[in-house]
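Contents: one structure, followed by commentary.
The values are calculated or read from the model by the stated rules, or taken from the named source; none is laboratory data. Just so we're clear, the structure is a prediction, and the values are computed from it rather than from any experiment. FYI the Cβ positions are ideal-geometry reconstructions off the backbone, even for glycines, and counts take in every protein chain you see. Side chains are part of the model used for accessible areas, which takes the heavy atoms of the whole protein and leaves out ligands, DNA and RNA. Shrake-Rupley method; radii C 1.70, N 1.55, O 1.52, S 1.80 Å.
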Amino acid sequence: MPRFTIVVPVFKVQGYLAACLDSVLAQDFDDYEVIGVDDCSPDASGTILDEFARRDARITPLHLVKNVGLSGARNAGLARATGEYVLFLDSDDTLTPGSLRAMAARLEATGPVDVLIYDYARTYWDGRLLRNTRSALLTEEGAAAFPLRERPELLSLLQIAWNKAYRREFIEELGLRFPPGYYEDTPWTYATLLAAGSLAVLDRVCVHYRQRREGGNILRTVSRKHFDVFDQYARVYDFLDALPDGAHWHTAMFERMIDHYLKIIKEPGRLPEEARAEFFHRAAADYRDHLPEGFVRPSGGKGYKYALLERDNFLLMSGVGNAAKGRRVAKTAARQTINQSKRKAMGLLYRSHRQADLDPNLALFSSYWSRSVSCNPAAVAAEASRLAPHIRQVWAIRPDRMAKVPAGVHAVPVGSREFWAMAARATYFVNNVNFADTLVKREGQIHVQTHHGTPLKKMGLDQRDYPVSTGMDFTKLMERVDRWDYSLSSNGYSTRIWERVYPSNYTTLESGYPRNDVLVNATADDVRAARAELGLGEGTTAFLYMPTHRDYEREFHPRLDLAALAARLGPDTAILVRGHYFYDTSGPLAGQHGSARVIDVSAHPRVETLYLASDALITDYSSAMFDYATLDRPIVIYADDWDIYSTVRGTYFDLRDEPPGAVAFSEEELVDILRSDEWRDAESASDRAAFRRRFCEFDDGHAAERVVRRVFLGEQLIRPVTPVAERTPVPSPSELALPAPSSAAADQPRPHAQWA
């Protein structure tokens with residue numbers, strides 16, 4: 001049998017599960033098994049579990065046919081355990097390096113104890129790490145193994161199952177299982193400690209207990225289910241009464257129970273307001289029923305609350321709570337006054353407009369820091385015009401970009417009186433980045449974060465580890481994230497990243513990226529028209545070159561001699577060059593125009609037109625590769641500075657090992673790839689197919705429809721995603737006969753032509 005069995009219950013943790021399992025597999029002690037219990041999770045957690053199991057035979061996935069909750073999932077894993085000791089690890093937490101080896105060493109030193117208790121630390125999104133405040137109780141001084149009577153203070157540790165290793169035969173002899181309901185760890189914890197013949201402690205942080213910003217702890221949910229605590233303590237007392245020395249522990253257990261009840265009463269965000277009195281009276285009844293003979297109440301404020309319970313006086317207890325609440329309200333009001341004084345830029349006008357009712361049919365759109373009418377927000381706006389024409393659309397645009405707003409689009413300059421009026425009264429906000437910090441989200445307003453690319457580079461909270469590439473205020477970032485109601489995703493890979501690096505209480509819409517609908521739904525005529533618009537003749541092979549932005553470079557520096565490249569590729573080749581929007585490319589690219597076959601398309605308003613017109617994409621680390629893959633056309637990676645980029649900016653996977661096609665590390669290699677068939681050979685196609693399956697998962701041409709129906713029309717059942725294998729990409733230019741379209745045909749509006 002293995003030394004340890006680690007039971008990992010899994011439910012809606014797709015953003016955290018990989019880190020949890022990685023922390024186990026990275027241990028320097030390998031005599032263990034992992035039972036991962038997929039509790040019918042509705043997200044990709046079960047798939048992630050299976051992927052890890054395929055990589056490592058020590059992981060056994062167990063997929064339950066119906067959701068049974070945390071207790072049921074743990075029990076299912078426990079039933080499969082074969083290890084000498086059983087550990088429980090929540091799937092959003094992690095083991096610290098060397099933990100299993102430290103546990104094994106401690107058990108060697110203590111001998112076969114029934115329960116080994118180890119320590120934990122809370123980890124926070126902002127990088128804080130706080131050790132258990134009662135860690136001093138885990139001192140290893142004194143006897144290595146001992147009964148609870150020698151150290152009864154261990155009963156005051158937090159009632160959790162995952163800070164202990166349990167001898168499996170001891171658990172089986174007790175016949176112990178986790179009960180249903182909230183606070184399921186309470187009877188389990190007390191039963192194992194009280195029944196153990198021998199205990200041991202390990203004065204070491206073995207678990208990092210993640211404090212999720214988005215409220216992953218179900219005990220912080222307002223619900224009547226908190227009444228389950230009474231059933232849990234009834235189980236504790238039933239167990240206690242069956243123990244030979246149970247009477248010895250009545251006083252200690254009574255205090256633990258009453259302290260727990262008082263905590264639930266005191267904590268905001270647990271009991272519904274109308275249920276507080278009922279809960280108090282139930283707690284008072286338990287107080288009277290289990291009051292030990294000769295019990296002496298604690299002194300001070302705690303003793304006063306005990307007395308109120310003993311007398312079942314909710315009115316006085318409520319007064320104590322209201323006084324504390326009044327102090328909190330006063331402090332909150334003081335903070336708000338200070339904050340409001342700091343927001344002078346918002347102005348009296350904006351505040352006055354916020355007193356008016358919201359306009360239920362007004363939507364404010366923005367894209368790329370209000371630079372343009374483009375990307376996912378533009379695609380959503382176009383579909384809303386079709387499916388939800390009652391929605392009045394207004395775009396927020398920088399004053400210096402107003403002249404470039406397409407005809408027929410209602411736009412207001414950011415910072416203007418019109419802008420603040422719209423921001424105060426709009427019900428819907430759609431953006432592919434964040435709106436400014438000065439924008440205050442009112443109750444009833446709905447924010448949709450569309451994002452603007454599948455992430456190769458590290459994003460959100462992960463950027464904390466790469467200070468050279470960011471000067472971001474992460475506290476402010478999280479405040480902006482807290483405004484989101486919806487976050488769009490184009491694949492499960494992105495979903496898991498977004499939910500982890502932007503932790504908050506939004507809903508993920510695995511809709512696909514709306515901006516890619518036009519690529520999936522394009523026709524052969526759209527391809528011909530795109531080619532004609534760019535002046536690309538029949539028989540011309542067009543390579544679209546799109547390098548990404550580098551945070552450590554203030555100016556754009558072309559990494560290729562494009563004129564020389566075009567000359568070497570021959571007269572039937574054109575290179576379309578699109579510099580990143582963060583850079584002014586006019587100067588750097590001007591020197592590349594020595595060849596008529598180098599075409600600067602940086603200012604073209606619709607990148608999708610460039611995608612459709614091109615035969616292949618050349619990029620380095622741009623998210624353009626993920627969008628372009630929907631076309632199933634060749635992609636060539638030019639990764640001449642991968643080591644620098646991946647070190648300074650950080651990436652989620654090694655593009656060299658999982659590319660969408662051929663990879664070049666020098667200009668000479670790139671020329672060789674493009675002059676041969678390597679850029680479009682069978683190996684390149686195989687890499688692209690795998691890449692497309694992974695990253696084009698939800699991009700089936702109906703993304704914008706899904707978003708509009710859910711957000712603007714309130715429909716819960718939306719169109720299912722068409723699998724990648726069942727999609728037929730639009731023919732590439734080389735697959736088409738390309739006669740020039742007639743002037744009349746070229747003048748006809750094309751579907752989604754306004755989408756950028």
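Here the mean projected area of the convex hull built on the C-alpha positions of the stretch 500-553 is 7.3 nm². When Rg and Dmax are taken over the Cα atoms of the stretch 455-514, they come to 11.9, 34 Å. Taken as Cα centroids, the stretch 623-683 and the stretch 219-261 sit 60 Å apart, rounded to the nearest whole angstrom.
Between residue 598 and 575, the built amide H atoms are under 5 Å apart, and every one of these is 5 or more places off in sequence or on another chain.
Once the C-beta distance of residue 295 and residue 475 is scaled by a Förster radius of 45 Å, the resulting FRET efficiency is 0.45 to the nearest 0.05. Surface exposure of the stretch 359-424, expressed per residue as accessible area with a 1.4 Å probe, stands at 42 Å².
In this rough spin-label picture, where each label sits 7 Å from Cα along the Cβ direction, the residue 134-residue 735 distance is 6.5 nm. Shape of the stretch 656-695 from the C-alpha gyration tensor: oblate (a/c of 1.5 or more and a/b not above b/c, with a ≥ b ≥ c the square roots of its eigenvalues).
Among residues other than residue 485 with Cβ under 14 Å from its Cβ, the summed charge is +2 (Lys and Arg +1, Asp and Glu -1).
Centre-to-centre, using Cα atoms only, the stretch 83-137 and the stretch 719-738 are separated by 52 Å. Here the accessible area of the chain is 50 percent carbon and sulfur, with a 1.4 angstrom probe and all protein chains present. Solvent-accessible surface of the stretch 441-487, taken per residue with a 1.4 Å probe and all protein chains present: 42 Å².
Centre-to-centre, using Cα atoms only, the stretch 414-451 and the stretch 25-46 are separated by 41 Å.
Here the relative contact order of the chain, from alpha carbon pairs under 8 Å that lie six or more residues apart, stands at 10 percent. Between amide H atoms placed 1.01 Å from N, distances below 5 Å from residue 635 occur with 617, 662, all of them 5 or more places distant or on a separate chain.
Scoring 376-385, 198-207, 688-697 by mean Cβ neighbours within 10 Å over their residues and listing the highest first yields 376-385, 198-207, 688-697. Pairs of alpha carbons in the chain separated by more than 45 Å make up 37% of all such pairs. Ranked from largest, the principal axis spans of the Cα set of the stretch 11-98 equal 35, 27, 22 Å. Whole-Hz Karplus values for the stretch 61-67 come out as x, 10, 9, 6, 7, 8, 6 Hz, taken residue by residue from phi with 6.51 cos²θ - 1.76 cosθ + 1.60 and θ = phi - 60°; glycine and proline positions read x. Report summary: the helix-based calculation at 222 nm, which adds -39500 (n - 2.57) for every DSSP H run with n ≥ 4 and divides by the residues of the chain, gives -11000 deg cm²/dmol. Electrostatic tally near residue 234: other residues with Cβ closer than 15 Å to its Cβ, Lys and Arg +1, Asp and Glu -1, net -3. Remark: the residue 683-residue 266 segment gains 143.8 nm on full extension, using 0.36 nm per residue and subtracting the alpha carbon distance.
Output the antiparallel fraction of DSSP beta bridges having both residues in the chain, as a percent to the nearest 5. Around 15 percent antiparallel, to the nearest 5. Between residue 410 and residue 316, the C-beta separation translates, for a Förster distance of 51 Å, into a calculated FRET efficiency of about 0.30.
Placing R0 at 35 angstrom, the Cβ-Cβ distance between residue 243 and residue 29 gives a FRET efficiency of 0.55 after rounding to 0.05. Note on the stretch 59-170: percent of Cα-Cα distances in each 10 Å bin, starting at 0 and stopping at the bin with the largest distance, equals 10, 39, 36, 14, 1. Taking 0.36 nm per residue of sequence separation and removing the Cα-Cα distance, the residue 47/residue 355 pair yields an extension gain of 106.1 nm. Segment residue 521..residue 307, full-extension length gain: 69.9 nm, with 0.36 nm per residue of separation and the alpha-carbon distance subtracted. For residue 544, neighbours were defined as the other residues whose beta-carbon sits under 10 Å from its Cβ, and their charges (Lys and Arg +1, Asp and Glu -1) total +1. Shape verdict for the stretch 367-454, please, from the Cα gyration tensor: rounded (a/c under 1.5), prolate (a/b greater than b/c) or oblate. Rounded, since a/c falls under 1.5. If only the Cβ of Lys and Arg carry +1 and only the Cβ of Asp and Glu carry -1, the dipole of the chain around its Cα centre is close to 3420 debye.
Taken about its Cα centre, the stretch 684-728 carries a charge dipole of about 60 debye when Lys and Arg each add +1 at the Cβ and Asp and Glu each add -1 at the Cβ.
Give the long-range amide H neighbours of residue 88: residues separated by 5 or more places, or on another chain, with amide H under 5 Å away, using H modelled in the peptide plane at 1.01 Å from N. For residue 88, the qualifying residues are 7, 164.
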